[in-house]
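Student: The following block contains the structure, expressed as C-alpha cells.
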Ligand code: T4K
C-alpha cells in the first residue's frame with residue numbers, strides 16, 4: 001500500500017521530548033541499550049512520567065477471571081499500564097491530521113512510522129497493522145501457509161486463533177523450562193507430511209532458540225513465522241531478534257512495551273513480501289481497479305501511526321525504567337523460598353515486557369492463593385498464560401493438546417504469575433508488591 005501524501009521521517013527514541021513532530025531522518029539503532037541505571041538514578045520523576053501516571057482509576061479489566069472483590073483502599077496496581085506521553089506533545093500530530101484530512105489508507109504518518117520503526121529496530125521492512133492478531137492472520141496468508149503448523153500452547157490465545165482463522169490445524173509442542181518457549185528438541189517428532197510451518201513465540205520477549213528452529217525448518221522445508229508480540233526492541237546476539245525466521249509479528253496493543261493504542265506489524269526481509277502483505281492488508285488492492293487476493297482491512301489509521309511516532313521519542317526512557325523495575329524485583333525475590341525466576345536470556349538486550357515468577361511448591365502459598373492475596377491488597381498480577389491455549393474448548397480435542405504431552409507448559413501455566421511492570425510504577429507501589437510476596 002502506498003501513501004497518498006509526501007512523508008518526512010520523524011526522529012525515533014532519544015530525541016527531544018517536547019515540541020512538534022521532528023522532521024530529521026532517524027539515526028540507526030544499532031547498538032545495545034545502556035545497562036540499567038541504579039535505583040536512585042531513576043529518571044522517571046521527570047515531568048513526562050508524572051503526567052503519564054495520573055490516571056489510575058479502577059477498571060473492570062482486573063476483575064476478569066475472579067469473584068473476589070478488593071478489600072484494600074490502596075490505589076490499584078495493575079499488571080501493566082500503557083505508557084502515555086504528555087498530551088500536549090500529541091496535539092501537533094492531531095493538528096496535522098486535521099489540516100490534511102488524511103485519516104487512513106497509508107497516509108503520511110503511516111509511512112513515517114514504518115520508516116522510523118525500521119530504523120529504530122534495525123530491520124529491513126515493516127508493514128503496519130490495526131492489531132497484532134490481524135497481522136498474524138495476514139502473515140500466514142502472505143506465505144500461503146496451509147495444513148498443519150507447529151506452535152506453542154504457552155501463549156496468548158491469538159497465536160493459535162490466527163491458525164484457525166486460516167483453516168490451519170495447530171499442532172502443539174511443549175516448551176523449554178528456562179525460557180517457556182517452544183522446545184526445538186520436540187519439534188521434529190511433531191512434523192507430518194501436512195506440516196508447512198512453525199509458529200514459535202518469543203514468550204515475555206525472551207528469544208526462542210532461533211538457530212535450532214531454523215535448522216529444523218531448513219531440513220524440512222518449513223516456513224517460520226515468529227509471534228514476536230512481546231519482543232519489541234529485543235536484541236539477540238547483536239541484532240534485532242525480529243530478523244529471524246521468514247516473518248515476525250509485533251503487537252502494539254495498549255498493554256505492550258510500545259503501544260499505538262491498538263496496532264501491530266509484520267517484519268519482513270524483502271520488498272516483494274512486504275508488497276504482498278501491503279496488498280493483503282488493503283483488501284487485495286494493487287491499484288484502483290485490480291484486486292489480486294481476498295485481502296482484509298488490516299490497515300493502521302493515521303491517529304495510531306502518529307501516536308506511534310510520538311511513542312518512539314519516549315521509548316528509551318520507558319525501556320530503561322522497565323529494566324530498573326525488573327532488577328529490583330530480581331534482587332528482592334531471588335532469595336524467596338519456593339519462588340522461581342526465569343534466568344536472564346543470554347546474549348540478549350531484554351525489553352522487560354513482563355516479569356513472570358513461578359510459585360513453586362516450596363512457597364508459603366499456592367499460586368492462586370498468592371494471586372488472591374495480592375488482589376486483596378489491590379495488586380492485580382496476572383496468570384499469563386493460564387489456561388494453556390491447548391485447554392480451551394476449540395483446541396482441547398486435538399491429539400497434540402493432551403496435557404500429558406505438554407508437562408512443562410502445564411506446570412508453568414499452573415505456577416506462573418506476572419507481576420506489575422510498567423514505566424510509571426513507583427518505588428512505593430513496587431515495594432507494596434514485594435512486601436506482600438515476601439511476607440506471605
Ligand atoms: N500474540 C501474543 C503472544 C500476545 O500476547 C498477543 C496479545 C497477541 C498475539 C495479539 O496481539 P493484539 O491483537 O492484542 O495486538 C492483554 C492484551 O489485550 C493482549 O494484547 C495481550 N497479548 C495479552 C497478553 O494481554 P488481557 O485480556 O489480559 O488485557 P486486559 O484488558 O485485562 O489488560 C491487562 C491490564 O492492563 C489491565 O488490568 C489494566 C491494564 N490496561 C489495559 C488496557 C487495555 C490499561 O491500563 N489500559 C488499557 O487500555 O489481554
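We did not get these values from a lab; they are worked out from the coordinates using the rules stated. Nothing here was measured: the structure is a model prediction, and the numbers come from that model. Positions of Cβ are backbone-derived with ideal geometry, glycine not excepted, and every protein chain shown enters the neighbour counts.
Student: For the stretch 301-335, which positions are touching a residue at least 60 places away in the same chain (Cβ under 8 Å), in contact with a strand residue (DSSP E or B) (Cβ under 9 Å, 6 or more places away or on another chain) and farther than 20 Å from residue 236 by Cβ?
Tutor: Answer for the stretch 301-335, where residues must be touching a residue at least 60 places away in the same chain (Cβ under 8 Å), in contact with a strand residue (DSSP E or B) (Cβ under 9 Å, 6 or more places away or on another chain) and farther than 20 Å from residue 236 by Cβ: 304, 305, 308, 325, 329, 333.
Student: For the stretch 180-194, what are the residues that are without any contact (Cβ under 8 Å) to a residue 40 or more places away in the chain and either part of a loop (DSSP other than H, G, I, E, B) or over 25 Å from residue 384 (Cα atoms) (or both)?
Tutor: 181, 187, 188, 189, 193
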